[in-house]
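Just so you know, all these numbers are worked out from the coordinates, no wet-lab data involved. Computed from a predicted model, the values in this text were never measured in an experiment. Using ideal geometry, Cβ is built from the backbone for each residue, glycine included, and neighbour counts are taken over all protein chains shown.
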């Protein structure tokens, strides 16, 4: 018997810097250097930033794609691969994604395949992508009717985060980004949670064009990467605190016919998961109230007719199947810290209806109404 | 700036064992365990081993594909992904390749994509695959007219090598496998080279159904994995001694219209690279003669009308482009050891014609004629 050892050690930097596409800014040209570059943008980004991009990277090939969360597919990935081939990209050349999570996903999978992996750079243009979807190494596309069935783990060469790009992002999408920021804060960063409580609503109102934006985005990125780096390739199991808010949310999104955005589903999931935490005795009522109040303060719903006991039960089964048989439900045990409920036995049958009743009562008694805008 | 560290440490075993598909052999069932398995075979393997496979793995889904080195494509990969989806494979389930390098390649890329990477097992059925194409972590398919343009680095879960499966392999294909074995021997294992000199021709004659087969296959695998493990993901540059015989051979194959098999092109390349070694003064004439005699003794050609100075010069340029600008020509400096000629400056213009003349003279003066069968 012969044992083959496969060791890999790579790193990349996520740089937060304003004015990336302003005249004279050299961050993006420096990231490219003398190499060939294929830049992939969607129509919306092209309309907003196309001219500035072409001025910043005059020698790059620009490819405009039309993609949504529902239509991101392996065909879109292969179209990027085809353009990479036509642009003559070699093993050290570069693909650059400028856009939201979908564009980052498609580019990440394409770059992982071209010549068994060429470098790629992400320039996320939505808040969700800047703090979550665009800064990690996981990319995936839908296939054969299954969401994210095909994908890869491909570390980017670099991620460039520019908060000024958020000026045109809708309030609804900013709230979705704040849901992911709240996730990081609740499970590992109490100081970041305080910032979200204090500055979150104003940041939405000012589209993150505010001095308070930097520390919130930086804090979220630091937390996200800190967590990811513990288990970058998910070789060390599926107990991941970044799955907080991601046990019930996939099924919620699906059952809403994707009228619910990912971040909105994550907010509902965090509210329920925290309520479960109270019911199983690991989170105190005051901390739960702070979580629910913070989410509603951001304009995120914590209750929905979609959230029912049977749906929660189905989602738990599905999550366990996805996590190698273990539920690994992430539940905060205080603000800034989380525990795992390893198996479904840890959530007795009576807990789900009581958790839902608790949330409904809180909304009725204490919280203002809210809606998606 | 936030730095993200991505560490990966994995290993897999290559097990050499006879009678894998014999009744009562539990190696393959044990590798699958309780998991679902999709087995991918080509028509030739299905005709030879289909019944034994179905008896060995009665619960597996068997997928029969029609593939050649020229037609292996991303579409074939996606067809495997589609079958994996239909078979309901989860993140811990398994795809099993039973076949030559092409089937192993396609399965390796498919498995790397499904759910961002699921386990796969290789059961290589050709000598080339048993000592080279089927035991590493690199997989690739052709795309947009370019050979191996898309691919991945995906370590298998396990490789099961059964020399009895070689009984039906043609002499020509066995010679191609021996070319890869000679490669490993020449650059790092003088004892293995002696075995090839002594036993190689008889092993071809007996289709490796001989006690001498085990040590030769084991030695080649040990050398190949030992070399690969130094730089499994090619993150540490492109100076790789396993590229011996792989600088001129890709263009030779292409210029032959793929009538030359890969191993045959590798043999021509090794003969030329070694002759270059003599001309630049790093390999002595006696060791060069041993290499040439060993290759011809196996029935491998060391001269061809295809091997011309302009072709060698073009191939060197192309290899340098593929190796990040550096030539990194691998040249043995004695039997069992190799050096790198880092840049084209190390091969002055007069060297190529003199190396070719040296080979031609050796063939004319000392060596028996030979042909492909």
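Assuming a ≥ b ≥ c are the square roots of the Cα gyration tensor eigenvalues, decide whether the range A:217-373 counts as rounded (a/c under 1.5), prolate (otherwise, with a/b larger than b/c) or oblate. Since a/c stays below 1.5, the shape of the range A:217-373 is classed as rounded. Need one number: the % of Cα-Cα pairs in the range B:58-180 sitting beyond the 18 Å mark. Looking at the range B:58-180, the distances longer than 18 Å represent 49 percent of pairs.
Under the criterion of Cα pairs below 8 Å and six or more residues apart, the relative contact order for chain B equals 14 percent. Scaled against 2.2 N^0.38 Å for its residue count N, the alpha carbon radius of gyration of chain A is 0.99. Converting the Cα gyration tensor eigenvalues of the range B:152-194 into ellipsoid dimensions via √(5λ) gives semi-axes, longest first, of 21, 19, 11 Å. For the peptides B:146-154, A:256-264, the ranking by packing is B:146-154, A:256-264, with the highest mean count of neighbouring Cβ atoms within 10 Å listed first.
What's the FRET efficiency of residue B:201 with residue A:3 using the Cβ-Cβ distance as r and R₀ = 45 Å, to the nearest 0.05? Between residue B:201 and residue A:3 the formula returns 0.90.
Ordered by the count of other Cβ atoms within 10 Å of each Cβ, fewest first, B:248, A:244 give A:244, B:248.
Remark: the Cα gyration tensor places the range B:1-81 in the oblate category, a/c being 1.5 or greater and a/b not exceeding b/c.
Inter-chain neighbour count for A:77-90: the average number of beta-carbon atoms from partner chains within 10 Å of each residue's beta-carbon is 2. Take the Cα of residue B:10, go 7 Å toward its beta carbon, and the backbone nitrogen atoms of the range B:226-257 under 14 Å from that spot belong to B:232-234. Compactness of the range A:36-115, taken as the C-alpha radius of gyration over 2.2 N^0.38 Å, stands at 1.01. Going from the fewest other Cβ atoms within 10 Å to the most, the residues A:255, B:104 appear in the order A:255, B:104. Between residue B:194 and residue A:59, what's the calculated FRET efficiency when r is the beta-carbon distance and R0 is 56 Å? Round to 0.05. About 0.55, to the nearest 0.05. The shape of the range B:159-287 comes out rounded: with a ≥ b ≥ c from the C-alpha gyration tensor, a/c is under 1.5. Sorting A:292-300, B:43-51, A:223-231, B:322-330 by their mean Cβ neighbour count within 10 Å, with the most densely packed peptide first, gives A:292-300, B:322-330, A:223-231, B:43-51.
Taken residue by residue and averaged, Cβ atoms of other chains lying within 10 Å of the Cβ of A:109-115 number 5.
In degrees between 0 and 90, to the nearest 10, how far off the longest principal axis of chain B does helix B:309-322 point, with axes built from Cα atoms? Orientation of helix B:309-322: about 40 degrees from the principal axis.
Taking the square roots of 5 times each eigenvalue of the Cα gyration tensor of the protein assembly as shown, largest first, gives ellipsoid semi-axes of 54, 30, 19 Å. With the label put 7 angstrom out from Cα along the Cα-to-Cβ vector, residue B:282 ends up 5.9 nm from the copy partners, going from closest to farthest.
Roughly how far apart, in whole Å, are the Cα centres of the range A:65-119 and the range B:1-68? Spelled out, the Cα-based centre of one part sits 30 Å from the other.
Computed over the range A:1-131, relative contact order equals 24 percent, with contacts defined as Cα pairs under 8 Å that lie 6+ residues apart. Taking the longest Cα principal axis of chain B as reference, the axis of helix B:351-366 is set at about 90 degrees.
One Cα centroid belongs to the range A:230-245, the other to the range A:271-328; the line between them spans 18 Å. In the range A:120-175, the alpha-carbon atoms span a convex hull of 91 Å³ per residue. Quick one: if the Förster radius is 41 Å, what FRET efficiency do residue A:212 and residue B:26 give, using the C-beta to C-beta distance and rounding to 0.05? Plugging the Cβ-Cβ distance into 1/(1 + (r/R0)^6) gives 0.05. With contacts taken as Cα pairs under 8 Å and at least 6 residues apart, the range A:1-76 reaches a relative contact order of 30 percent. Computed from Cα atoms alone, the Kirkwood hydrodynamic radius reported for the range A:207-258 is 13.5 Å. Taking every residue in A:151-158 and counting other chain Cβ atoms within 10 Å of its Cβ, the average works out to 3.
Could you give the angle, 0 to 90 degrees to the nearest 10, between helix B:262-279's Cα long axis and the longest principal axis of the Cα atoms of chain B? Helix B:262-279 sits at roughly 30 degrees to that axis. Neighbour counts of other Cβ atoms within 10 Å put B:114, A:169 in the fewest-to-most order A:169, B:114.
For the listed peptides A:204-210, A:267-273, B:66-72, a ranking on the average number of other beta carbons within 10 Å per residue, highest first, reads A:267-273, A:204-210, B:66-72.
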